[in-house]
1. Pairs please, first residue from segment 12-31 and within 12 Å of V125 (Cα to Cα) and of a type in the set (V, I, T), second anywhere and open to solvent by 50 Å² or more (accessible area, probe 1.4 Å) and part of a strand (DSSP E or B), Cβ atoms under 7 Å, 6+ apart in sequence or on different chains.
2. Considering only residues that are surrounded by 15 or more Cβ atoms within 10 Å (Cβ to Cβ) and of a type in the set (G, A, S), look in segment 112-134 and name the one that is nearest to I36 (Cα to Cα).
3. Residue check: is S109 open to solvent by 50 Å² or more (accessible area, probe 1.4 Å), modelled with pLDDT under 95, in a strand (DSSP E or B) and of a type in the set (G, A, S)?
4. Whether any residue in segment 80-100 is charged (D, E, K, R), at pLDDT 95 or above and more than 30 Å from A10 (Cβ to Cβ) is what I want to check.
5. Of all residues in segment 9-60, how many are of a type in the set (A, V, I, L, M, F, W, C), modelled with pLDDT of 95 or more and within 23 Å of S104 (Cβ to Cβ)?
6. Is it true that S38 is more than 13 Å from the chain's Cα centre (by Cα), over 19 Å from V132 (Cα atoms) and assigned to a strand (DSSP E or B)?
7. Considering every residue within segment 81-93, establish whether at least one is part of a strand (DSSP E or B) and under 13 Å from the mean Cα position of the chain (by Cα).
8. Specify which of the listed residues (A51, A81) is under 28 Å from Q4 (Cα atoms), open to solvent by less than 50 Å² (accessible area, probe 1.4 Å) and aliphatic (A, V, I, L, M).
Amino acid sequence: MASQHVDVAAAEWTSGVPFYGKTALHQGRDLVLLKILSDRRAEGGGIAWLAKFTPPPGKLIKIVATALSDEHVFNLEGGRATKSGAPARASGGYTLNPEGQPHSAMIASETVSLVIYRGEPDEIVSLEVVDVGA
C-alpha cells in the first residue's frame, strides 16, 4: 500500500453523528466534528481522525464508551474537565484505552484531539450534555 497524505488544514470537518450517535447533536448543532485522516478497517486496519468537541456555554459533554480496539488519544487543544468544569487534563496529554476498556470523558471547553483506533472505533454507550457542576 502506498503512503497516504492528508492536508489537514484543507480537510473538511464533518458531523460526528455517524460515529457518536444522534445525541452528538444539541439543539440542531453538532457537538462533535471529525476530520477522517485514514480508514483502513476494510483492509483489517484501523481508523484515525481529528475530533473537535464543542460544548454549549455553561455545559459539559459527557461521554461514556467502551473501546472496541486499542484507542490512542492525544489532546492537541483543550482537554478533559471535572464535573465543575475545571481542567483535569490539558493539551499535550495522551491516553491509551485498551480494547474492552470502559472509559469516560467530560469536556467543558472546545477540545481537539488526534484519535487513532487499532481497529473499530469505540462503542458509545452515552453522550449527553449536562450542566457544569451537575
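The values are calculated or read from the model by the stated rules, or taken from the named source; none is laboratory data. This is a predicted model, so every value here is computed, not measured. Backbone-built Cβ (ideal geometry, glycine too); neighbour counts: all protein chains shown. For the accessible areas, the whole protein counts, side chains as well, though only heavy atoms, and no ligand, DNA or RNA atoms are used. Shrake-Rupley method; radii C 1.70, N 1.55, O 1.52, S 1.80 Å.
1. What qualifies is T23/E128.
2. The qualifying residue nearest to I36 (Cα to Cα) is S113.
3. Working: open to solvent by 50 Å² or more (accessible area, probe 1.4 Å): yes; modelled with pLDDT under 95: yes; in a strand (DSSP E or B): no; of a type in the set (G, A, S): yes.
Answer is no for this residue.
4. Step one: list which residues in segment 80-100 are charged (D, E, K, R), which gives 80, 83, 89, 99.
In the following step, the residues that additionally are at pLDDT 95 or above were identified as 99.
Now restrict to residues that are more than 30 Å from A10 (Cβ to Cβ): 99.
Yes, because at least one residue in segment 80-100 is charged (D, E, K, R), at pLDDT 95 or above and more than 30 Å from A10 (Cβ to Cβ).
5. 14
6. Working: more than 13 Å from the chain's Cα centre (by Cα): yes; over 19 Å from V132 (Cα atoms): yes; assigned to a strand (DSSP E or B): yes.
Judged against the criteria, S38 is a match.
7. Residues of segment 81-93 that are part of a strand (DSSP E or B), as a first pass: 81, 87-89.
Still in the list and also under 13 Å from the mean Cα position of the chain (by Cα): none.
No, every residue in segment 81-93 fails to be part of a strand (DSSP E or B) and under 13 Å from the mean Cα position of the chain (by Cα).
8. Values: A81 fails: under 28 Å from Q4 (Cα atoms).
Unique residue meeting the criteria: A51.
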